[in-house]
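Working notes, beginning with the structure itself.
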Ligand code: NAD
Ligand code: UDP
């Protein structure tokens with residue numbers, strides 16, 4: 001390892017955050033994991049407690065925080081629709097007040113700061129695949145607005161701090177990510193379908209299943225996020241990070257039924273309001289600026305994820 005840095009990961013006890021903490025500890029850095037445990041779990045980071053480089057702080061990012069760090073990965077925010085819609089006001093506060101507090105901390109300490117933004121800033125896209133210059137199609141008053149508009153406002157704050165205070169920012173637009181340590185009951189499609197298949201329960205397919213998503217394995221995502229943080233100064237993004245292989249949700253259901261040998265039947269449910277009909281990242285910029293692209297094929301990533309969920313049962 002070249003330089004040992006003091007790195008803070010907000011949302012570090014969550015799904016992506018815990019993989020990121022694990023990777024940064026393995027690289028020899030000092031890692032401060034900040035989390036309020038709304039959707040995260042101590043179990044996700046328990047293996048790191050033995051490392052003297054790892055520190056855990058229970059804290060809500062909607063309140064100011066005074067610590068000394070070199071880099072901040074700002075991941076704190078529930079990501080699953082059922083969780084971010086549970087307390088929508090808190091979701092907006094987490095994105096907006098959380099960004100203000102973490103950017104204030106970055107400004108004071110001159111730390112580099114990366115924002116975990118989302119493909120949801122594109123809303124229900126009318127352009128396909130989505131590249132970073134597409135401005136999006138978001139319903140500001142719908143049930144997803146608290147998350148989508150909160151994340152959009154956070155991006156605005158990041159770029160205002162960059163222009164106004166020369167804060168060293170990075171904005172990653174993360175597309176659907178899956179893998180071990182997803183919460184089995186957080187309602188996202190990969191965890192829902194795998195748990196239902198393993199229990200032999202009906203697979204709940206919303207709408208006709210023709211809507212599409214593109215799924216990135218968590219190890220690939222963590223690699224992309226770290227490359228963006230370590231890229232040359234001025235590489236602010238926003239940069240799409242995701243897997244450009246697109247499939248329908250019905251196709252995902254059939255794939256998971258096949259990989260688990262499940263006897264489950266498909267049960268159709270209403271499509272939730274404002275559920276995007278198609279989503280696929282254009283990752284040209286990530287390929288060029290970060291020399292990054294996903295390496296784990298969906299089937300192989302799903303096998304590891306299925307093995308993880310089997311282990312929980
Ligand atoms: P997650 O819900 O597993 O993790 C989020 C973490 O943030 C949890 O540990 C939670 O307890 C913590 N948290 C929530 N509110 C907080 C607050 N106010 N203060 C401190 N901690 C708080 O979700 P994830 O999938 O790991 O997502 C991580 C980040 O990546 C999120 O910002 C999310 O918006 C973004 N993202 C994820 C995906 C995906 O597919 N997983 C896609 C796009 C963007
Ligand atoms: N979905 C589904 N059944 C489920 C959970 C989700 O058909 O049990 C669908 C959902 O309507 C959406 C897609 O799968 O079209 C992805 O949903 P998820 O909540 O994982 O993420 P997001 O909508 O934020 O991309």
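A short reminder: the numbers here are calculations on the coordinates, not readings from a lab. The shown structure was predicted, so the numbers you read here are calculated from the model rather than taken from an experiment. Here Cβ is always computed from backbone atoms with ideal geometry, including for glycine, and neighbour counts include all displayed protein chains.
Collect the residues in the stretch 15-52 that are part of a loop (DSSP other than H, G, I, E, B), touching a strand residue (DSSP E or B) at 6+ places or on another chain (Cβ under 7 Å) and buried (at least 17 other Cβ atoms within 10 Å of the Cβ), keeping them in residue-number order.
Scanning the stretch 15-52 gives 29, 36.
Which residues, taken from the stretch 191-215, are under 14 Å from the mean Cα position of the chain (by Cα) and either away from ligand 2 (no atom under 12 Å from the Cβ) or within 22 Å of residue 262 (Cα to Cα) (or both)?
To start, the set of residues in the stretch 191-215 that are under 14 Å from the mean Cα position of the chain (by Cα) comprises 214-215.
Once the filter is applied, which keeps residues that are under 14 Å from the mean Cα position of the chain (by Cα) and either away from ligand 2 (no atom under 12 Å from the Cβ) or within 22 Å of residue 262 (Cα to Cα) (or both), the stretch 191-215 yields only 215.
Taking the stretch 74-88 as the search range and keeping residues that are more than 15 Å from residue 148 (Cβ to Cβ) and either within 11 Å of ligand 2 (Cβ to nearest atom) or more than 10 Å from the chain's Cα centre (by Cα) (or both), which one is surrounded by the most Cβ atoms within 10 Å (Cβ to Cβ)?
74
Within the set of pairs 6 or more residues apart or between chains, which connect a residue that is closer than 18 Å to residue 144 by Cα inside the stretch 265-279 to a residue that is in a strand (DSSP E or B) and away from ligand 1 (no atom under 16 Å from the Cβ) with Cβ atoms less than 7 Å apart?
270/206; 271/206; 272/206; 275/206
So is residue 127 within 12 Å of ligand 1 (Cβ to nearest atom) and surrounded by fewer than 24 Cβ atoms within 10 Å (Cβ to Cβ) or not?
Criteria not met by residue 127.
Out of curiosity, is residue 202 in contact with a strand residue (DSSP E or B) (Cβ under 6 Å, 6 or more places away or on another chain) and surrounded by fewer than 22 Cβ atoms within 10 Å (Cβ to Cβ)? Please lay out each step first, then the result.
Working: in contact with a strand residue (DSSP E or B) (Cβ under 6 Å, 6 or more places away or on another chain): yes; surrounded by fewer than 22 Cβ atoms within 10 Å (Cβ to Cβ): yes.
Spelling it out, residue 202 is indeed in contact with a strand residue (DSSP E or B) (Cβ under 6 Å, 6 or more places away or on another chain) and surrounded by fewer than 22 Cβ atoms within 10 Å (Cβ to Cβ).
Tally the residues that are surrounded by fewer than 20 Cβ atoms within 10 Å (Cβ to Cβ) and either in a loop (DSSP other than H, G, I, E, B) or within 15 Å of ligand 1 (Cβ to nearest atom) (or both), restricting the search to the stretch 287-297.
5
Mind checking which residues of the stretch 203-215 are touching a helix residue (DSSP H, G or I) at 6+ places or on another chain (Cβ under 8 Å) and outside any loop (DSSP other than H, G, I, E, B)?
Residues satisfying the conditions are 203, 204, 205, 206, 212, 213.
If I ask for residues that are assigned to a strand (DSSP E or B) and in contact with a helix residue (DSSP H, G or I) (Cβ under 8 Å, 6 or more places away or on another chain), which ones from the stretch 234-286 would you list?
Listed by number, the residues that qualify are 239, 240, 241, 247, 266, 281.
Six or more apart or on different chains, Cβ atoms under 9 Å: show the pairs whose first residue is in the stretch 68-96 and without any contact (Cβ under 8 Å) to a residue 12 or more places away in the chain and whose second is in a helix (DSSP H, G or I) and crowded, with 21+ Cβ neighbours inside 10 Å.
Going by the 9 Å Cβ cut-off, the qualifying pairs are 87/146.
Looking at residue 167 and the list (1) closer than 21 Å to residue 118 by Cα; (2) within 11 Å of ligand 2 (Cβ to nearest atom), which single condition is not satisfied?
(2)
Looking only at the stretch 53-74, filter to residues that are assigned to a loop (DSSP other than H, G, I, E, B) and under 17 Å from residue 5 (Cβ atoms); which one of those is nearest to ligand 1 (Cβ to nearest atom)?
67
When you go through (1) more than 16 Å from ligand 2 (Cβ to nearest atom); (2) within 16 Å of the chain's Cα centre (by Cα) one by one for residue 93, which number turns out not to apply?
Looking at each condition in turn, residue 93 falls short on (2).
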